[in-house]
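Single-structure report; data block below.
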Amino acid sequence: MGQLLNLVQPTFFLNKFSFYQDRPTTLFQQKRCSYGGNCALQKHHYHGLQLSFPGEVVGRVESFFKCKVSCGITVKTGFFPSAYLCNGGELDAIPHIQTLRNLPKERLASKVVMVRFDSTMLLREEMDQQTREVSNALFTIKYLYEAGAKIILASDWSVTSNPKLVLAESVADFLSSILQCKVVPVSCISCNIPPKMEGLEKADIFLLENLSEFKEEVANCSKFAQMLSSGVDIFVNDSFSQSHKILASTVGVTRFCHSCVAGFYFEESLCQLKKVAETSRNPYVAVIGGGNFFDKAAALHFLASRCDGLVFVGRMSFQIMHALGVSVPLNFVEHGALREALDIVRFAQNRDIQILYPKDFWCKNDCLPGKLELFPAHSILDGWVPVDLGPMSLGEINSLLTECKKVIWIGPVKFSNSNQHTNGASKLAQMLDLLSQSNCDLTVVGNMACKVIMQESSSISEFNMLENASVVWEFLKGRKLPGVTALDRAYPFEINWNATYCDPMQPLVVDIGSGNGLFILGMARKRKDLNFLGLEINEKVLHCDKCNVNISFHSV
């Protein structure tokens, strides 16, 4: 929604780009569910904008962009965390969100607080409570409990995290043991729990039913979200691994809760995610595993724009070798991704950054079970399938990483499922462990990578670990994380209307869909006794060649 300017009387004009740049409307669309109704989130708040007229400052709110208006009026904006350049495009900075850390503790007493916790973090079968991630996740709940809040826990869980935890009763008992306080399951999905239900008056914390059993959860059903959050004063999102999804328990509920904040684990994970885009320490090298090159092309472009070297250790390395002209079996090459691979290679060459790919592989043959053979990357025989990196490849990686000051490892090292013992991931983890002792900034992404690091590292605290790789890939692609932006919408920046209008007590005229603003500008010139507010969501109509009003956007 853009901004319209009144040459005579201050006129405030808001554009969607002054608070959320390039927010896709699909983030707010929801599927129909059994409760009926087309659920769509259309709640917006503003960061704000500073408008300067000749000799007069009109107002100020935070913005991502600098704007210019021709017609003798200049528009200045405040500075938000800088947008990230990615292959000629922009990767938006993570928006400002409110956190539990900054919420006054006295406000929590006697309040009903729903905590969306991360089941993959707190319900895993092998859990080390001393790790930073688990410690922060537990501290969120303990902090609220000690502050006197009435806590409702909500999450989804499955046997993949812990086969012993299926029923809500078993989950409640498990949480009681690690939290050292009584957690009681309730046989309802609403947080509006009657206070005098039998047995509940002795509970310290309540646990709602398993959200994975409700299709309305993944559909982000508005009525389901409203029922889920009924009676809740404060919503605390501490499930960072779900932040790339649009769920009723992470996005939908923020429409109905008075306060929505990030928990300690969510906040810490978000800080670690921001570090991926920082380039304050060089050389910065990305070690990239896994496959699906086509789907991750935008993320790879971003890494190529920030890093000083790219090391491919997973299945997509064959795509890079193919683009570089190295002879590889075509059945190892991802169909339809050659153009994207060539773009990455050209982009890296233009930036003069190194691309390292495997020179040899340990391979298996289904006709020879239990046997591994070492092959050069360019001459793998028919019938043999790569399963892990060879010694020459690991040696080159070690040589490159030795001089690095910052490393991100994202994605698995293995090229296919194998029950045989290969140690490429362990060797890589040992290399990073040595780097951690030389003040190197290390980020490890993905369940496999984090698990190996925890097994091989002598000091896990030196690593930034993000177990859900999908969240990181989505961020690197430049996409918004719905679970994060939902918290941002719940805490708008306040607009100082006294500074925006000379006389804020005058009647306000709002033009919704104000287009290029000619109509509202004309009205403002004639009616000096009124204040005017123009709203426009379409950026294209702000650029008009036939009028003397033009707003252009430039990244900070």
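The values are calculated or read from the model by the stated rules, or taken from the named source; none is laboratory data. Please read these numbers as outputs of a predicted model, since none were measured by experiment. Note: ideal-geometry Cβ built from the backbone for every residue, glycine included; neighbour counts use all protein chains shown. Surface accessibility is based on the protein's heavy atoms, side chains included, excluding ligands, DNA and RNA. Shrake-Rupley method; radii C 1.70, N 1.55, O 1.52, S 1.80 Å.
For segment 317-355, what are the residues that are within 25 Å of Leu401 (Cα to Cα), in a loop (DSSP other than H, G, I, E, B) and in contact (Cβ under 8 Å) with a residue 40 or more places away in the chain?
Val326, Ile353
Find the residue count for segment 272-301, including only residues that are outside any loop (DSSP other than H, G, I, E, B) and out of contact with any Gly (no Cβ under 9 Å at 6 or more places or on another chain). Walk me through it before giving the result.
First, pick out the residues of segment 272-301 that are outside any loop (DSSP other than H, G, I, E, B): 272-277, 284-288, 297-301.
The next check asks that each one be out of contact with any Gly (no Cβ under 9 Å at 6 or more places or on another chain); those that pass are 272-277, 297, 300.
Of the residues in that region, 8 qualify.
Suppose we keep only residues that are small (Gly, Ala, Ser) and assigned to a helix (DSSP H, G or I) within segment 129-183. Which one would you say is surrounded by the most Cβ atoms within 10 Å (Cβ to Cβ)? Spell out how you get there, then give the answer.
Within segment 129-183, the first condition is being small (Gly, Ala, Ser), and the residues that meet it are 135, 137, 147-149, 154-155, 158, 161, 168, 170, 172, 176-177.
Still in the running and assigned to a helix (DSSP H, G or I): 135, 137, 168, 170, 172, 176-177.
On the way: Ser135: 14, Ala137: 27, Ala168: 19, Ser170: 15, Ala172: 21, Ser176: 17, Ser177: 10.
Here the residue is Ala137.
Assuming Gly325 fulfils every condition listed in (1) open to solvent by 40 Å² or more (accessible area, probe 1.4 Å); (2) touching a strand residue (DSSP E or B) at 6+ places or on another chain (Cβ under 8 Å) apart from one, which condition is it?
Status for Gly325: all satisfied but (2).
For residues that are at pLDDT 85 or above, open to solvent by 40 Å² or more (accessible area, probe 1.4 Å) and either farther than 28 Å from Ser461 by Cβ or not in a helix (DSSP H, G or I) (or both), tally how many sit in segment 383-415.
The total comes to 9.
With among the polar types (S, T, N, Q) and within 17 Å of the chain's Cα centre (by Cα) as the only criterion, which of Thr279, Thr254 stands out?
Thr254
Please enumerate the residues belonging to segment 455-475 that are hydroxyl-bearing (Ser, Thr, Tyr) and in a helix (DSSP H, G or I). Steps first, answer last, please.
Initial filter on segment 455-475 (hydroxyl-bearing (Ser, Thr, Tyr)): 457-459, 461, 470.
Within segment 455-475, Ser461, Ser470 qualify.
Of the residues that make up segment 416-438, is at least one part of a strand (DSSP E or B) and either within 27 Å of Glu126 (Cβ to Cβ) or of a type in the set (Asp, Glu) (or both)?
Here is the first cut: in segment 416-438, the residues part of a strand (DSSP E or B) are none.
Checked segment 416-438: no residue is part of a strand (DSSP E or B) and either within 27 Å of Glu126 (Cβ to Cβ) or of a type in the set (Asp, Glu) (or both).
Determine which member of the set Leu310, Leu368 is aliphatic (A, V, I, L, M), open to solvent by 30 Å² or more (accessible area, probe 1.4 Å) and without any contact (Cβ under 8 Å) to a residue 60 or more places away in the chain.
Values: Leu310 fails: open to solvent by 30 Å² or more (accessible area, probe 1.4 Å).
Only one candidate qualifies: Leu368.
Which residue pairs have Cβ atoms closer than 6 Å, lie 6 or more positions apart in sequence or on different chains, and pair a first residue in segment 212-226 that is modelled with pLDDT under 90 and crowded, with 19+ Cβ neighbours inside 10 Å with a second residue that is among the basic types (Lys, Arg) and not in a helix (DSSP H, G or I)?
So the pair list comes out empty.
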